[in-house]
Amino acid sequence: MLVREEVTPRLTTHARERCAEMGITTKVAKAIYQARDLDRPSTKPGSDCRMATCSRLPEYAVVYFISEEDGVPVIASVVFKTYEVYERDGETFRPV
């Protein structure tokens, strides 16, 4: 699958909802993907998702996949960048 890097990623409805819950714009999620400096595959067997982070926006990470239809990256979710297990709490989180 050819990845079209010059194309701005799309966001799923879930990713847009997560941005709203976290108090960030969808532009922040797109910027994380576009300026990513760490990009790793999912640890879930059979998943084609990847996780990307950006040192310029260290509080968040995006989960994305490449569309099989047109090669455009699709951001599936936005998460807090932390090694802790957490529960979401609006614009922040609580470690559990």
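Can you list residues whose amide H is under 5 Å from Y60's amide H, if they're 5+ apart or on another chain and H is modeled 1.01 Å from N?
For Y60, whose amide H was placed from the backbone, the distant partners under 5 Å are K81.
What's the whole-number percent of alpha carbon pairs in region 10-95 lying beyond 19 angstrom? Provide the component values of the computation, followed by the final result.
Details: 1285 of 3655 pairs.
Tail of the P(r) past 19 Å holds 35 percent of the pairs.
Spelling out what I want: for every residue of region 53-68, take phi, set θ = phi - 60°, compute 6.51 cos²θ - 1.76 cosθ + 1.60 (Karplus), and round to whole Hz; glycine and proline get x.
Along region 53-68, the couplings run 10, 9, 5, 6, 10, x, 7, 10, 9, 10, 9, 9, 9, 9, 4, 6 Hz.
Counting Lys +1, Arg +1, Asp -1, Glu -1, what net charge surrounds I32 among other residues with beta carbon under 11 Å of its beta carbon?
Values: positive: K27, K30, R36, R56, K81; negative: D37, D39, E59.
Result for the neighbourhood of I32: +2.
At 7 Å along the Cα-to-beta-carbon direction for both L38 and R16, put a label point, then send me their distance in nm to one decimal.
The answer from the label model is 3.0 nm.
Calculate, for V85 and T25, the FRET efficiency according to 1/(1 + (r/R0)^6) with r their C-beta to C-beta distance and R0 35 Å; round to the nearest 0.05. Kindly include the intermediate steps, with their values, before the conclusion.
Details: r = 27 Å, r/R0 = 0.76.
Once the sixth-power term is evaluated, E becomes 0.85.
Read the figures in this text as sums done on the coordinates, not as results from a lab. On a predicted model such as this, the values are computed, not experimentally measured, just so you know. Positions of Cβ are backbone-derived with ideal geometry, glycine not excepted, and every protein chain shown enters the neighbour counts.
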